[in-house]
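Undergrad: Sending over a structure as structure tokens; questions will come in a sec.
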């Protein structure tokens, strides 16, 4: 259920959300909601961490879906073109939470605040709830993540 979609302004905007769950389904659902439920529909450009571009299949899929690298220059260019940008300031840390830490936020990066101030862009805060129950994580495979060069 999406609540408050009517608060999404027209023009440039930073949609700032928490990560919820183990895979970025939260971003997919939020981007689809802004496209299918907002009036008028908004195409949101989600940001991804740089390491995503090193993943052979995922990087191509994300690129075709309009996901951009969360680089300050990319973000500024998208905002200059009056785009809506979706950012997750918890980064990959927000996706890697175990079930016993569900609904606990990781520290937010501050790049989105700097960008909003520099570009005079409104921030729309979003709370995503429920994905922790969809894909439960009970073990953190740090060794495997290092081998695969994941954060």
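The values are calculated or read from the model by the stated rules, or taken from the named source; none is laboratory data. Bear in mind that the values here come from a model prediction, so they are computed numbers and not experimental data. Cβ coordinates were reconstructed from backbone atoms using ideal geometry, including for glycine residues, and neighbour counts include every protein chain displayed.
Undergrad: So residue 81 fits all but one of (1) modelled with pLDDT under 90; (2) more than 23 Å from residue 2 (Cβ to Cβ); what number is the exception?
TA: For residue 81, the failing item is (1).
Undergrad: Given the criterion more than 20 Å from residue 35 (Cβ to Cβ) and in contact (Cβ under 8 Å) with a residue 60 or more places away in the chain, identify the matching residue among 125, 89.
TA: None of the other options fit; the residue is 89.
Undergrad: Out of all the residues in the range 92-102, is one or more under 30 Å from residue 10 (Cβ atoms) and at pLDDT 80 or above?
TA: no
Undergrad: While we're here: Look through the range 115-146, keep the residues that are part of a loop (DSSP other than H, G, I, E, B) and at pLDDT 70 or above, and return whichever of them is surrounded by the most Cβ atoms within 10 Å (Cβ to Cβ).
TA: Going through the qualifying residues, I end up with 121.
Undergrad: Give the range 29-44 a look and list any residue that's closer than 11 Å to residue 5 by Cβ and touching a helix residue (DSSP H, G or I) at 6+ places or on another chain (Cβ under 9 Å), or say none.
TA: 33, 34, 37, 38, 39, 41, 42
Undergrad: Here is a list of conditions, (1) modelled with pLDDT of 80 or more; (2) loosely packed, with under 13 Cβ neighbours inside 10 Å; (3) farther than 22 Å from residue 64 by Cα, and residue 8 meets all of them except one; can you say which number that is?
TA: It fails just one condition, (2).
Undergrad: Of all the residues that make up the range 37-57, how many are closer than 20 Å to residue 70 by Cβ, modelled with pLDDT of 90 or more and loosely packed, with under 13 Cβ neighbours inside 10 Å?
TA: So the answer is 1.
Undergrad: Taking the range 58-73, which residues are assigned to a helix (DSSP H, G or I) and either in contact with a helix residue (DSSP H, G or I) (Cβ under 8 Å, 6 or more places away or on another chain) or modelled with pLDDT of 90 or more (or both)?
TA: Passing the criteria: 58, 59, 62, 72, 73.
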